[in-house]
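J.: So that we are looking at the same thing, I have put the structure below in structure tokens.
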Amino acid sequence: MDQTDGTVGKAGGPKRPGYAADTATRPSTQTVALVILVTLAVVYTLKVAASLILPFLIAAILNLVLQPAKHVLHHRLRVPAPLAALVLILGLFGVAGGIGAAISLPASGWIAKAPDGLKILQERLKGLSTPIHFVERGLRQVENLMAQSSGDAAAPGGGAAAPPSSGGGIMGTLGGFGLTVLQGTGAAMGQLLTLLVVLFFMLASGDTLLRRLVEVMPTFEDKRRVVDIAQEIERNVSGYLVTISGMNLLVGVANGVSMWLCGVPDPLLWGSLAFLLNYIPILGPFIGIIVFFFVGLFVFPSVWLALLPAGIYLTIHVIEGETVTPMLLANRFTLNPVLVIASLFFWDYMWGVIGALLAFPLLAVVKIVSDRIPPLMPLGHLLGGPPRRDGS
């Protein structure tokens, strides 16, 4: 028998040093498959149960935003926690309802003018008609080729049966549309009620829930880890959301005033739009530039003047996003920009616009939790952005 290494493996051959450690730390195929299946199940559940999950998530985010005001009312002014929660909820939704009522009338006016605005856009964009015509012709040729390919593939199997026409005519269509609207409105009201109830109890007794969670932790290290995670999430995410909300408000005011000075109608509407779009990282400013450019086309007689609102919006965003906000946040979050945009697209696919608004806070929470739990530290390191540069 070969005694080269002094150890013999199960098959009788020499045992490589470190082999046991490698196999112990290397995940098995079953483990990898189980992780993939669990991930797919979680993603499917998040997609299907969006109407149930979103009110709780939005309530948790609003709870973080309102924490500084709650501390002032409850701890400094000695207002009872339930009364402070009620005051904050009434104030928050009162302000949101007032802004919505103020911008609903001008927004409906712009929507009503949309059919007539198409003619104006055609006149303004005459200089771009030739390249647009080439693009349309190319797209039409691609569609024809795809239609011919699908027709050739379907020819051996015979023609497809025409879908049965639904009876009822236009009255049936209108009735179905009305039923859909009523069902959607009822579902939205139910989610709003759930949001209000959950937010009230989070504000009124959220500390009690955290205390009970700490009490059930088995070891002192686990108790301390839970407290550290909760405090860091509240401090960092709440500080981020409050700072971003303040900056977005200033961006909205600056854009509203600039639109008023440029003579664009309904400056409150465009200021509110800039305020909301600034919550969506990366994609929000791009959407804002396009929207303000088309607004300029409606208002001003030439394409060059139409660039003025979009240019002002872009200038304000660059000043805010590249100088003021990073200075105020002081590198509170250093997240990987590639993963930020990936998270933005993923949550937009999962939950639409609300998902896009929640993408950055959710990613920040995942990083904070990952940095505090040893098995998840590689994920926290992956989510981190570029390292800070020293002043030297």
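J.: Could you list, in sequence order, the residues of region 254-272 that are within 27 Å of the chain's Cα centre (by Cα) and without any contact (Cβ under 8 Å) to a residue 40 or more places away in the chain?
T.: 256, 267, 270, 271
J.: I'd like to check something: does region 233-245 contain any residue that is farther than 24 Å from residue 370 by Cβ, part of a loop (DSSP other than H, G, I, E, B) and not assigned by TED's automatic domain parsing to the domain that holds residue 107?
T.: No, because not a single residue in region 233-245 is farther than 24 Å from residue 370 by Cβ, part of a loop (DSSP other than H, G, I, E, B) and not assigned by TED's automatic domain parsing to the domain that holds residue 107.
J.: List the number of the failed condition for residue 272; all other conditions in (1) modelled with pLDDT of 85 or more; (2) surrounded by fewer than 19 Cβ atoms within 10 Å (Cβ to Cβ) hold.
T.: That leaves (2) as the condition not met.
J.: Considering (1) of a type outside the set (D, E, K, R); (2) farther than 18 Å from residue 108 by Cα; (3) assigned to a loop (DSSP other than H, G, I, E, B), say which one residue 264 fails and leave the rest.
T.: Only one criterion in (1) of a type outside the set (D, E, K, R); (2) farther than 18 Å from residue 108 by Cα; (3) assigned to a loop (DSSP other than H, G, I, E, B) is unmet by residue 264, namely (2).
J.: Give 20, 59, 96 a once-over and let me know the one that is at pLDDT 85 or above and either under 23 Å from residue 350 (Cα atoms) or among the hydrophobic types (A, V, I, L, M, F, W, C) (or both).
T.: Testing whether each residue is at pLDDT 85 or above and either under 23 Å from residue 350 (Cα atoms) or among the hydrophobic types (A, V, I, L, M, F, W, C) (or both) leaves just 59.
J.: Same structure again: Determine whether residue 253 is farther than 20 Å from residue 104 by Cα and in contact with a helix residue (DSSP H, G or I) (Cβ under 9 Å, 6 or more places away or on another chain).
T.: No.
J.: Suppose we filter region 34-53 for residues that are within 22 Å of residue 189 (Cβ to Cβ), touching a helix residue (DSSP H, G or I) at 6+ places or on another chain (Cβ under 9 Å) and β-branched (Val, Ile, Thr); how many remain?
T.: Counting residues in region 34-53 that are within 22 Å of residue 189 (Cβ to Cβ), touching a helix residue (DSSP H, G or I) at 6+ places or on another chain (Cβ under 9 Å) and β-branched (Val, Ile, Thr) gives 1.
J.: Scan region 293-310 for residues that are without any contact (Cβ under 8 Å) to a residue 40 or more places away in the chain, outside any loop (DSSP other than H, G, I, E, B) and over 14 Å from residue 251 (Cα atoms) and jot them down.
T.: Selection gives 293, 295, 296, 299, 304, 305, 307.
J.: Out of contact with any Asp or Glu (no Cβ under 8 Å at 6 or more places or on another chain), of a type in the set (Gly, Ala, Ser), assigned to a helix (DSSP H, G or I) and more than 12 Å from residue 248 (Cα to Cα): which single residue out of 271, 288 fits that description?
T.: Of 271, 288, the one residue that is out of contact with any Asp or Glu (no Cβ under 8 Å at 6 or more places or on another chain), of a type in the set (Gly, Ala, Ser), assigned to a helix (DSSP H, G or I) and more than 12 Å from residue 248 (Cα to Cα) is 288.
J.: Another question about this same structure. Those residues that are of a type in the set (S, T, N, Q) and either assigned to a helix (DSSP H, G or I) or modelled with pLDDT of 90 or more (or both), I need them from region 311-334; list them, please.
T.: 315, 323, 325
Table: residues versus (1) over 18 Å from the mean Cα position of the chain (by Cα); (2) aromatic (Phe, Trp, Tyr); (3) modelled with pLDDT of 85 or more.
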| site | (1), (2), (3) |
| --- | --- |
| 208 | yes, no, no |
| 214 | yes, no, no |
| 238 | no, no, no |
| 252 | yes, no, yes |
| 280 | no, no, no |
| 291 | yes, no, yes |
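J.: Only residues in region 44-66 that are farther than 24 Å from residue 88 by Cα count as the first member; pair them with residues that are outside any helix (DSSP H, G or I), Cβ under 9 angstrom, at least 6 apart or cross-chain, and list the lot.
T.: Hits for this filter: 50/352.
The values are calculated or read from the model by the stated rules, or taken from the named source; none is laboratory data. Predicted, not measured: the structure shown is a model, and the values here were computed from it. No Cβ is skipped: glycine too gets one built from the backbone with ideal geometry, and neighbour counts run over all protein chains shown.
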